[in-house]
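Below is one structure, written out as structure tokens; the observations come after it.
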Amino acid sequence: MSNEIYAPGLEGVIAGETAISTVEGGLRYRGYAITDLAEKTRYEEVAYLLLHGELPRPAELEAFRQRLDQNRHLPRELLQLWRSLPPALPTMDVLRTAVSFLAHYDPDYRLWPCESAAPTALQRGRELMARIAERLLAQMATSVAAYYRLCRGLEPVPPKSGLSHAAQFLFQLTGEVPDDLAERAFDVSLILYAEHEFNASTFTARVITSTLSDPYSAIVGALGALKGALHGGANEHIMPLLRRIGKPENVEGCLQAMLARKERVMGFGHRVYKTGDLRAAILGQWAQRLAQARGETLWEAIAQRVEDYLRRTKNLFPNLDWPAGRLYYYLGLPVELYTPIFALSRVAGWCAHILEQWQANRLIRPRARYVGPIPRPVVTLQERS
Ligand SMILES: CC(C)(COP(=O)(O)OP(=O)(O)OC[C@H]1O[C@@H](n2cnc3c(N)ncnc32)[C@H](O)[C@@H]1OP(=O)(O)O)[C@@H](O)C(=O)NCCC(=O)NCCS
């Protein structure tokens, strides 16, 4: 087959069409530049934009927020399940289990059309997906906060009406309403994490959807892909690295030794962005602002020197996980929640992609280049003795 293309890791391959976002010429969600969105909108507006294609009008946003609030409670059975699990499991694993479990409590789950989207079924599919997405947005956030508290012998905090999605999560985690700076900085991080074209977890969700499976299965698969250290898991490695370096004067020696050992510096490099990630620049400013407000400037000084060194010596630039890892630390968030927080934001993008894939589906099934043994006859068990 002469027209076959071999691209390990699918690097550079256009594997489908999307109208949700593009990384060409700077990240845009549905045509809006990420810098503009991070400056002028809140996470709920962005989630609505991703799911529905347009920014909401005020009444639409208010109704969307109310529906999120109505969906924030978890079934009692999920809390019972968590109490029966072995103690202190990784939160990403528990979130994956929770999403799978929550499917059975979603009245729309069984209605999802596990068949190709006929023109007459499109509108119904969109409505189902919108409701499923709202439940996932609300319940994944509550799940992360509630499980964290249960592990520490604390009761889950019921949602408080009138809070933004960002403030609500921080409130349900700590029992305290965050100050404006904390809320806004966290909100911007959610906006930046919400969507990123055909990244590994989104592509996983699309592959699962392409078999005409259901949205919950697709999100469970996406969570599995996201937790890996080369994807969402990177943000949990940032503060341990900064602590290991310890002070600005140690940066060069420490990195030199790491690179000599062929160790990856987490939070740097990107499959697509080879000259810098706009999102890292935006969130970097918020990390600096928070660091100053919290008196944590040592980490920022080390981080700046790490950036300079890797740019100069390896032409490597920070990705979004680099500032996110610091920002979440300045917000006092526990490190094991950093990747789950990425997930509870990215679920908006995943749901938008699931719907898009289903609406114009083609089974995703690439070929492999065979490198195994040459043809050989089977030797029976007796003959192998
Ligand atoms: C994200 C990532 C997997 C993309 O990698 P990729 O497109 O497959 O790039 P490659 O692995 O081919 O790397 C190209 C070169 O840059 C180097 N490189 C890339 N990222 C690096 C990093 N974070 N630290 C050290 N070296 C890195 C590689 O070692 C390789 O060098 P070589 O050509 O001398 O062998 C990679 O940059 C990485 O592992 N980053 C750290 C994890 C991370 O931050 N993930 C979050 C992504 S948003």
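Divided by 2.2 N^0.38 Å, where N counts the residues, the Cα radius of gyration of the chain comes to 1.05. Derived scalar couplings between HN and Hα for segment 85-101 equal 7, x, x, 6, 7, x, 4, 4, 5, 5, 5, 4, 5, 4, 5, 4, 5 Hz in order, rounded to whole Hz, by the Karplus curve 6.51 cos²θ - 1.76 cosθ + 1.60 (θ = phi - 60°), x for Gly and Pro.
Across all C-alpha atoms in segment 23-158, the radius of gyration and Dmax reach 17.5, 51 Å.
Here's the list of lysines a cross-link from residue 160 could span, going by alpha-carbon distance under 28 Å and ignoring same-chain residues fewer than 8 apart: 40. Note on residue 149 and residue 263: the extension gain reaches 37.6 nm, defined as 0.36 nm multiplied by sequence separation minus the Cα-Cα distance. For trypsin sites (Lys or Arg not before Pro), the sites in segment 284-385 that DSSP calls loop and that have at most 15 other Cβ atoms within 10 Å are 362, 367, 369, 384.
Extension gain for the segment residue 61 to residue 361, taken as residue separation times 0.36 nm less the Cα-Cα distance, is 105.0 nm to one decimal. In loop segments of segment 224-310 as defined by DSSP, the GluC sites (Glu not before Pro) with at most 11 further C-beta atoms inside 10 Å of their C-beta are 263.
For segment 286-385, the list of chymotrypsin sites (Phe, Trp or Tyr not before Pro) that fall in a loop by DSSP and count at most 14 other C-beta atoms within 10 angstrom reads 370. The modelled label-to-label distance between residue 131 and residue 118, using points 7 Å beyond Cα along the C-beta direction, is 2.0 nm. Partners of residue 314 within straight-line reach, counting lysines whose Cα lies under 25 Å from its Cα and excluding those fewer than 8 residues away in the same chain: 247, 262, 274.
The alpha carbon gyration tensor of segment 234-330 gives principal lengths a ≥ b ≥ c with a/c of 1.5 or higher and a/b no greater than b/c, which makes the shape oblate. On the basis of the beta-carbon distance and an R0 of 25 Å, residue 298 and residue 179 show a calculated FRET efficiency of 0.70. Between residue 19 and residue 85, the distance separating the two model label sites (each 7 Å from Cα on the Cα→Cβ line) works out to 3.8 nm.
Among 119, 107, 156, which one shows the biggest mean-square fluctuation in a GNM of the chain, springs joining Cα atoms closer than 10 Å? Residue with maximal mean-square fluctuation among 119, 107, 156: 119.
Our helix-only sum for the chain, with -39,500 (n - 2.57) per DSSP H run of n ≥ 4 divided by its residues, gives a mean residue ellipticity at 222 nm of -17500 deg cm²/dmol. Only one residue of 113, 299, 330 has its Cα farthest out toward the positive end of the dipole of the chain, where Lys and Arg carry +1 and Asp and Glu -1 on Cβ, and that residue is 299. Taking the Cα centre of segment 234-330 as the origin, how large is its charge dipole in debye, to the nearest 20, when only Lys and Arg (+1) and Asp and Glu (-1) carry charge on their Cβ atoms? Dipole of segment 234-330, to the nearest 20 debye: 220 debye. Could you name the aspartates and glutamates in cross-link range of residue 227, using Cα to Cα under 17 Å and dropping any fewer than eight places away on the same chain? Correct list for residue 227: 93, 195, 236, 321, 336.
In percent, rounded to a whole number, the relative contact order of the chain is 23, using alpha-carbon pairs under 8 Å and six or more apart. GNM on the chain, alpha-carbon springs under 10 angstrom: the most fluctuating residue among 277, 69, 180 is 180.
For the pair segment 15-68 and segment 92-144, the centres of their Cα atoms are 19 angstrom apart. Overall, the chain carries a charge dipole of about 940 debye about its Cα centre when +1 sits on the Cβ of Lys and Arg and -1 on the Cβ of Asp and Glu, all other atoms neutral. Largest mean-square fluctuation among 258, 140, 92, in a Gaussian network model of the chain whose springs join Cα atoms under 10 Å apart, belongs to 258.
Read-outs throughout are calculated quantities, based only on the coordinates presented, and are distinct from any laboratory measurement. Source: prediction; values computed, not measured. No Cβ is skipped: glycine too gets one built from the backbone with ideal geometry, and neighbour counts run over all protein chains shown.
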